[in-house]
Amino acid sequence: MIIISASIAIINCILFPIPIMEGYIFDLRLAAITIAGLYGGVSTTAIITGVTICFRFFIGGIGASATVIEVTILFICLAFLTEWFRRSARKKEF
């Protein structure tokens with residue numbers, strides 16, 4: 001369920017970016033990848049990373065190759081942070 005909802009969110013973030021100024025756009029796809037990756041785990045992050053890269057190349061444009069680099073770096077960071085996040089989120093003191 002996380003994979004489907006995060007994929008839809010990422011595709012919508014890519015399709016409807018926020019224009020800042022001429023030639024510069026801002027989208028929140030990295031935020032959606034981060035949230036889904038932290039809650040879904042490494043396998044979810046890998047699938048969502050693949051969806052992001054495939055859809056970005058489908059859209060095309062100058063930034064498509066930059067997407068591969070930035071999403072790969074985010075994937076590596078999330079692979080290390082996911083386990084720490086799961087341990088820290090479940091610490092509860094009664």
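The values are calculated or read from the model by the stated rules, or taken from the named source; none is laboratory data. Keep in mind the model is a prediction, meaning the values are calculated, not measured. Note: ideal-geometry Cβ built from the backbone for every residue, glycine included; neighbour counts use all protein chains shown.
Scanning segment 11-46 for residues that are of a type in the set (D, E, K, R) and closer than 26 Å to Glu83 by Cα gives a single hit, Arg29.
Against the definition (on the phi < 0 side of the Ramachandran plot, touching a Lys or Arg at 6+ places or on another chain (Cβ under 9 Å) and either surrounded by 12 or more Cβ atoms within 10 Å (Cβ to Cβ) or of a type in the set (Gly, Ala, Ser) (or both)), how does Arg86 come out, yes or no?
When the stated conditions are applied, Arg86 does not pass them.
Per the conditions (1) under 20 Å from Ile69 (Cβ atoms); (2) touching a residue at least 12 places away in the same chain (Cβ under 8 Å), the sole criterion not satisfied by Ser7 is (1). Taking each residue of segment 34-54 that is closer than 18 Å to Leu15 by Cα and looking for partners that are among the basic types (Lys, Arg) with beta-carbon atoms closer than 9 Å, six or more apart or interchain, yields Thr52/Arg29. Scanning segment 21-44 for residues that are surrounded by fewer than 15 Cβ atoms within 10 Å (Cβ to Cβ) and either at pLDDT below 90 or in contact with a Cys (Cβ under 6 Å, 6 or more places away or on another chain) (or both) gives Met21, Glu22, Gly23, Tyr24, Ile25, Phe26. Can you run down the residue pairs with Cβ atoms below 6 Å, 6 or more apart or on separate chains, where the first is in segment 56-80 and in contact (Cβ under 8 Å) with a residue 12 or more places away in the chain and the partner is assigned to a helix (DSSP H, G or I) and of a type in the set (D, E, K, R)? Every condition considered, the pairs that remain are Thr67/Arg56.
Can you find a residue in segment 44-53 that is in contact with an Asp or Glu (Cβ under 9 Å, 6 or more places away or on another chain) and more than 20 Å from Met1 (Cβ to Cβ)? Checked against the condition, which is being in contact with an Asp or Glu (Cβ under 9 Å, 6 or more places away or on another chain) and more than 20 Å from Met1 (Cβ to Cβ), segment 44-53 yields no hits at all. Being closer than 13 Å to Thr67 by Cβ, touching an Asp or Glu at 6+ places or on another chain (Cβ under 7 Å) and surrounded by 17 or more Cβ atoms within 10 Å (Cβ to Cβ) is a property that holds for Ile14. Looking at Ala32, Ala36, Ala9, just one residue is over 8 Å from the mean Cα position of the chain (by Cα) and among the small types (Gly, Ala, Ser), and that residue is Ala9.
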